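Take a look at the structure below.
The values are calculated or read from the model by the stated rules, or taken from the named source; none is laboratory data. None of these values were measured; they are calculated from a predicted model. Cβ sites come from the backbone with ideal geometry, for glycine too, and all protein chains shown count toward neighbours. Heads up: the accessible areas ignore ligands, DNA and RNA and are worked out on the full protein's heavy atoms, side chains in. Shrake-Rupley method; radii C 1.70, N 1.55, O 1.52, S 1.80 Å.
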Amino acid sequence: MTIESSFDVVVIGAGPVGLACAIEVQRRGFSVVAVDKGALVNSIIGYPTNMEFFSTPELLEIGGHPFPTSHYKPLREDGLDYYRRVAFAENIPLRLYERVMGLEGGLGQYEVVTEKGRIKCRYVIIATGFYDVPNYLNVPGEDLPHVNHYYKEPYAHTGQQVVIVGAKNSSAKAALQLLRAGADVTMVIRGAEISQSVKYWIRPDLVNRIKEGRIKALFNTSIQHITPEAVEVQTPTGLETLPAAYVYALTGYHPDFRFLADLGITCQTDAAQTPTHDAETLETNRPGVYLAGTVCGGLNTSRWFIENGRYHAQVIAARLAGEKAPELPEVLQPVQLS
């Protein structure tokens, strides 16, 4: 059955930044709906079990709602509960598990086309993040069932030989958890060292475990081929075969550029493939269509996160309401959350 409806604003993406946008425009008298192809805050659902945010609670708050937690840095489960309660407290209309397929029309007369129907609206805010599209290795065997680009928890790998590709925060935390759950861990690292961007309380732990030999690390090494039982790698001294019952290719993620193109959003020719938008107003090349959050940075996924991307909601809402954009705090400067 085709569903047809009408709102002033459609927010595509029901993550923390998308919810912040919906809250701010709704408070200014606009009718709004948040549409997402997955669950509420779907990316956080995909985070590792008991993952610790790198931010303190007040930097993750949206809509002025306090983030109560007993942890100095909230866990994934704290975030899931907090954003759910905020969405319900603000009575934000949600259309979840509904994929957006395209965007038709123009300023003031848009139609968001979904797999279930059409939503008429005046404005569109795209807050789709970047966590849904992995940076693939593009090697044979990457599509095998024991290869995963998302790490959840270590317990299924006790006694197994596990290969981790990558050397940033996600890889570092996965390697340490897997080691302590009894896995035999080998890291395949393209560079010459563990990334300096790994958080200061995690990096020394990993470096010392490598020095001890409890985690094997192959530096200046790249994956060549994945088989059901092993990984073939190119090391500085030649080809090597690593036994592997499971492979975590934790090489990062990027925005869904194909989806942006389906919405008519162009990208720049810079190295980050930055989606076209005005840096001050956040309006894209389609009038009345705005970007918010991580998607603004293109491949530069370390530029915007919850703690600074949430302020995009205030900028866009003020723009739609004809208000002066608010003075924003220093937290709007680029930071790295994970």
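Can you give me the C-alpha center-to-center distance between segment 245-268 and segment 274-330, rounded to a whole angstrom? Answer, in whole Å: 19. In order along segment 86-91, the Karplus-derived 3J(HN,Hα) couplings, from 6.51 cos²θ - 1.76 cosθ + 1.60 at θ = phi - 60°, round to 5, 4, 6, 4, 8, 6 Hz, and Gly and Pro are given as x. When both bridge partners sit in segment 136-249, DSSP labels roughly 40% of those beta bridges antiparallel.
Which angle from 0 to 90°, rounded to the nearest 10, does the C-alpha axis of helix 16-27 make with the longest principal axis of the chain? Long axis of 16-27 versus the principal axis of the chain: about 10 degrees. Across all Cα pairs in the chain, the calculated P(r) in 20 Å bins from zero up to the longest distance comes to 30, 53, 17, 0 percent per bin. Taking only alpha carbon atoms, segment 136-249 gives an Rg to Rh ratio of 0.93, where Rh is the Kirkwood radius. To the nearest 10 degrees, how steeply does helix 312-321 sit against the main Cα axis of the chain, on a 0 to 90 scale? Once rounded, one gets 10 degrees. Indicate, rounded to the nearest 5 percent, the antiparallel portion of the DSSP beta bridges found entirely in the chain. Taking every DSSP beta bridge with both residues in the chain, the antiparallel ones total about 45 percent. For segment 171-177, putting each phi into the Karplus relation 6.51 cos²θ - 1.76 cosθ + 1.60 with θ = phi - 60° gives couplings of 5, 4, 5, 5, 4, 5, 5 Hz, in residue order, rounded to whole numbers and with x for Gly and Pro. Helix-only arithmetic for the chain: the sum of -39500 (n - 2.57) across DSSP H runs with n ≥ 4, divided by the residue total, places the mean residue ellipticity at 222 nm at -6000 deg cm²/dmol. Measuring nothing but protein heavy atoms, the accessible surface of the chain at 1.4 Å probe radius is 50 percent carbon and sulfur. The distance from the alpha carbon centre of segment 3-73 to that of segment 147-206 is 29 Å, rounded to a whole number. Working note: Cα atoms of segment 12-105, range along each principal axis, descending, whole Å: 46, 28, 18. Close Lys pairs in the chain, defined as Cα atoms under 17 Å apart and 8 or more places apart or on different chains, number 10. Averaged per residue, the chain has 46 square angstrom of accessible surface, using a 1.4 angstrom probe with ligands and nucleic acids left out.
Within segment 1-152, DSSP assigns beta bridges of which about 45% are antiparallel (rounded to the nearest 5). Near the amide H of His225, within less than 5 Å, lie the amide hydrogens of Glu232, all on another chain or at least 5 residues away, with H placed in the peptide plane. The listed peptides 165-176, 106-117, ordered by packing as a protection proxy, come out as 165-176, 106-117 (highest mean of other Cβ atoms within 10 Å first).
Using heavy atoms of the protein chains and a probe of 1.4 Å, the accessible area assigned to Ile210 is about 40 Å².
Rounded to whole Hz and in sequence order, give me ³J(HN,Hα) for segment 251-268 from the Karplus expression 6.51 cos²θ - 1.76 cosθ + 1.60, θ = phi - 60°, writing x for Gly and Pro. Computed from phi, the couplings for segment 251-268 are 9, x, 9, 8, x, 7, 5, 5, 5, 4, 5, 4, 8, x, 8, 8, 10, 6 Hz.
Highest mean packing first, where packing is the average number of other Cβ atoms within 10 Å per residue, the peptides 8-15, 231-238, 52-59 line up as 8-15, 52-59, 231-238. Against the main long axis of the alpha-carbon atoms of the chain, helix 203-212 sits at an angle near 20°. As a length-normalised measure over Cα pairs under 8 Å and 6 or more apart, the relative contact order of segment 136-249 settles at 34 percent.
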